[in-house]
Amino acid sequence: MAANRTFQFHGIAYGDSPVTVTAKVNSTQIFSGTITTLPGNLPEPDYPTPQEAYDTVAFSLVDSALLNTDFAGSLPMTIEISGGNGVIFTNIFGNWFLGVNPGPTTKSGQAEYFGTSYRGTPVNSESTIDPRSSVYINSTQQVPPLPPSQSTWCWAIPSPATMTYNWNIGVGQVGNVPGNSSNYTSP
């Protein structure tokens with residue numbers, strides 16, 4: 001039986017005023033509000049990504065039946081950013097995540113633990129393991145990193161901006177049982 005999943009979008013904002021984010025998946029708003037904002041300027045894109053951007057959950061999609069453990073695929077996502085100086089987005093984690101080596105000591109396949117929810121299957125538009133592909137910022141296509149990213153690419157986005165991309169999601173796992181995407185009937 002499929003379980004509803006929660007997804008955490010990690011990142012942090014910078015500026016002397018709060019940064020507001022509005023996130024939509026498949027044109028449905030999943031979040032609108034201010035996110036954790038540190039004082040100061042947005043680090044340069046080639047600057048090592050600050051640890052706070054990895055450790056902080058900017059916003060979440062909670063208990064999604066549509067994106068349950070049987071879902072695997074991609075959906076269009078839009079993030080509008082305003083206020084402050086900008087945002088750094090990093091990982092997208094999910095609960096009930098598929099474990100690389102399922103077993104009795106792993107944290108995968110459980111509701112209370114979060115981990116990588118995409119490992120390259122199904123294949124995304126850039127043939128990477130990144131949960132974001134076909135990224136546009138302010139209608140300008142972003143060139144995929146060369147060589148192709150081996151994990152999640154970090155995005156430093158100045159405010160105001162609109163970021164659109166394909167959000168790639170792999171099948172989940174309940175206990176030691178992977179989801180069955182052939183059972184999935186929603187669009």
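Just to be sure, is Leu67 in contact with a Pro (Cβ under 7 Å, 6 or more places away or on another chain) and of a type outside the set (Gly, Ala, Ser)?
On the way: in contact with a Pro (Cβ under 7 Å, 6 or more places away or on another chain): no; of a type outside the set (Gly, Ala, Ser): yes.
Against the criterion (in contact with a Pro (Cβ under 7 Å, 6 or more places away or on another chain) and of a type outside the set (Gly, Ala, Ser)), Leu67 does not qualify.
State all residues of segment 150-175 that are touching a Gly at 6+ places or on another chain (Cβ under 6 Å), farther than 16 Å from Ile35 by Cα and among the polar types (S, T, N, Q); if no residue qualifies, say none.
Gln173
Could you list all residues from segment 55-103 that are small (Gly, Ala, Ser), surrounded by 21 or more Cβ atoms within 10 Å (Cβ to Cβ) and more than 16 Å from Thr22 (Cβ to Cβ)?
Once the filter is applied, which keeps residues that are small (Gly, Ala, Ser), surrounded by 21 or more Cβ atoms within 10 Å (Cβ to Cβ) and more than 16 Å from Thr22 (Cβ to Cβ), segment 55-103 yields Ala72, Gly94.
Any residue that is more than 23 Å from Pro178 (Cβ to Cβ) and touching a helix residue (DSSP H, G or I) at 6+ places or on another chain (Cβ under 9 Å) - is there at least one of those in segment 90-107?
Yes, because at least one residue in segment 90-107 is more than 23 Å from Pro178 (Cβ to Cβ) and touching a helix residue (DSSP H, G or I) at 6+ places or on another chain (Cβ under 9 Å).
What residue, among those in segment 17-46 that are in contact (Cβ under 8 Å) with a residue 40 or more places away in the chain and loosely packed, with under 12 Cβ neighbours inside 10 Å, is nearest to Thr69 (Cα to Cα)?
Per the stated criteria, the residue is Ser27.
Filter segment 1-39 down to the residues that are within 21 Å of Arg132 (Cβ to Cβ), of a type in the set (S, T, N, Q) and assigned to a strand (DSSP E or B) and list them by number.
Thr6, Gln8, Thr20, Thr22, Thr28, Gln29, Ser32
What residue, among those in segment 154-181 that are of a type outside the set (A, V, I, L, M, F, W, C) and assigned to a strand (DSSP E or B), is nearest to Asp130 (Cα to Cα)?
Checking each candidate, the answer is Asn168.
Could you grab me the full set of residues in segment 45-66 that are at pLDDT 95 or above and touching a Phe, Trp or Tyr at 6+ places or on another chain (Cβ under 9 Å)?
Val57, Ala58, Phe59, Ser60, Leu61, Val62, Ser64
The values are calculated or read from the model by the stated rules, or taken from the named source; none is laboratory data. From a predicted model like this one, the values you see are computed outputs, not experimental measurements. Every residue, glycine as well, gets a Cβ built from its backbone with ideal geometry; the counts of neighbours run over all protein chains shown.
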